[in-house]
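Below: one structure, written as structure tokens.
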Amino acid sequence: MKKYLTKRLAGTIPVLLGVTVLCFILMTVSGKDPAMAAALRSNSAGNTVLVETLREEMGLDKPLPIRYFLWLKGLLMGDLGQSAVTYHNITDDIRTLFPVTLRLVIMAMGWLIIIVFPVSMLCARFHNKLFDHIVRALTIGGICLPVFWLGFMLLLLFAVKLPIFSVVPKAGISGYILPSFALAFPSACGVVRIMRSSLLSEISSDYAAYARTRGLSEWQIILRHGLKNSLPPVITLFGQYLGYMLAGSAVAEKVFSLNGVGTYLISCVVSGDSPAAAACIVIIAAVFVTANLAADVINRLICPWMVREIND
């Protein structure tokens, strides 16, 4: 495990550095001058002296390599820079908004667990029965559902037709139920199909046939043996979807009027605030890479033979 972790960490660092390089390049060649955007904000775009002064204050007059290393140093020190539009500290903005997105993503991951495990086990237990056919049809349709459309339908049904929830989200957990479900459902449909297939492969293996000869029931085979051995691809998907949901939370936040990092990222892109947009992208990429690394480590802890195979 130590050898494997060393290899994975050695591969993760170049990926994160590559993300920072790409973000910096996109920020530089975006076609929007942060100094000009700030001048437009103050209705002083025609004041060339002010624009040049702003460029010097923002360090835009330095060579690109120096600008990149200064920006990277700030990222490593936790200083994400200053917004080119609002002059707010980006770190403070994200620190204020990130808890909203974090709660949304955590609840969405909770929906994934609630939906995926029971439904997948029932599909494997009643393979090719009515329940299995219904779930397969629903998951194929669910994968195709856009988050914004599902969000609007949930609002129409549960906030307008049946006023269980309010259109404007309330404080507390109740305000995250609908947006988290809309964010999680399409992903859950895809994971159900993967876990169902993995479970069916496990319960049709030789060790499952031997367990049947010992008198174990189908549920005992699924719960004691098949479930654990079918988890690696599912946990890998969970790690990937954590990053996807963090990046895709902007859609759910917009539909349900939540003020989180996703909404902040969209506003930065629209206003031409490239430093803030680049900082958000780097944070999302870091979470995505870390979640994938954590998923791989959990897989190796659950299935130790995977580590032996890699070391061999």
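For residue 173 and residue 134, the difference between the fully extended length at 0.36 nm per residue and the C-alpha to C-alpha distance is 11.0 nm.
Taking only protein heavy atoms and a 1.4 Å probe, the accessible area of segment 212-300 is 66% carbon and sulfur. Geometric descriptor of the chain, per residue, is 162 Å³ (volume of the convex hull of the Cα atoms). Each Lys or Arg adds one and each Asp or Glu subtracts one; over the other residues with Cβ under 12 Å from the Cβ of residue 265, this totals -2. Here residue 294 and residue 77 are evaluated by their C-beta separation; at R0 = 22 Å the FRET efficiency comes out at 0.35. With an 8 Å cut-off on Cα pairs and a minimum separation of 6 or more residues, tell me the relative contact order of segment 164-312 in percent. Worked out over segment 164-312, it gives 25 percent. Pick out which of 266, 164, 203 has the largest mean-square fluctuation in a Gaussian network model of the chain, springs linking Cα atoms closer than 10 Å. Comparing 266, 164, 203 in the GNM, the peak value goes to 164.
How many percent of the alpha carbon pairs in segment 69-157 exceed a separation of 15 Å?
Values: 2993 of 3916 pairs.
Looking at segment 69-157, the distances longer than 15 Å represent 76 percent of pairs.
For a paramagnetic label modelled on residue 257 (point 7 Å from Cα along Cα→Cβ), amide N atoms under 12 Å away belong, within segment 142-181, to 166-171. Can you compute log10 of I(q)/I(0) for segment 164-307 with the Debye formula, treating each Cα as one identical point scatterer, at q = 0.08, 0.10, 0.12, 0.16 Å⁻¹? At q = 0.08, 0.10, 0.12, 0.16 Å⁻¹ the computed log10 ratios are -0.35, -0.52, -0.68, -0.94.
Applying 0.36 nm per residue to the separation of residue 145 and residue 62 and subtracting their alpha-carbon distance, the gain on full extension is 25.2 nm. Only helices enter the 222 nm calculation for the chain: every DSSP H run of n ≥ 4 contributes -39,500 (n - 2.57), and dividing by all residues gives -24500 deg cm²/dmol, rounded to 500.
Near residue 298: Cβ cut-off under 15 Å, other residues only, Lys/Arg at +1 and Asp/Glu at -1. The net charge is +2.
Once the C-beta distance of residue 53 and residue 161 is scaled by a Förster radius of 41 Å, the resulting FRET efficiency is 0.15 to the nearest 0.05. Extension gain for residue 236-residue 95 works out to 48.0 nm (0.36 nm per residue, less the C-alpha to C-alpha distance).
Among 241, 68, 207, the residue with the largest mean-square fluctuation in a Gaussian network model of the chain, with springs joining Cα atoms closer than 10 Å, is 207.
Residues whose amide H falls under 5 Å from that of residue 82, counting only those 5 or more places apart or on a different chain, are 90, with hydrogens built in the peptide plane.
Global dimensions of segment 114-174 from alpha-carbon coordinates: Rg and Dmax equal 15.6, 44 Å. Here the Gaussian network model covers the chain, with springs between Cα atoms less than 10 Å apart; of 100, 29, 167, 29 fluctuates the most.
The values are calculated or read from the model by the stated rules, or taken from the named source; none is laboratory data. Quantities reported herein were computed from a predicted structural model and do not represent experimental measurements. Cβ coordinates were reconstructed from backbone atoms using ideal geometry, including for glycine residues, and neighbour counts include every protein chain displayed. With ligands, DNA and RNA removed, areas are computed over all heavy atoms of the protein, side chains included. Shrake-Rupley method; radii C 1.70, N 1.55, O 1.52, S 1.80 Å.
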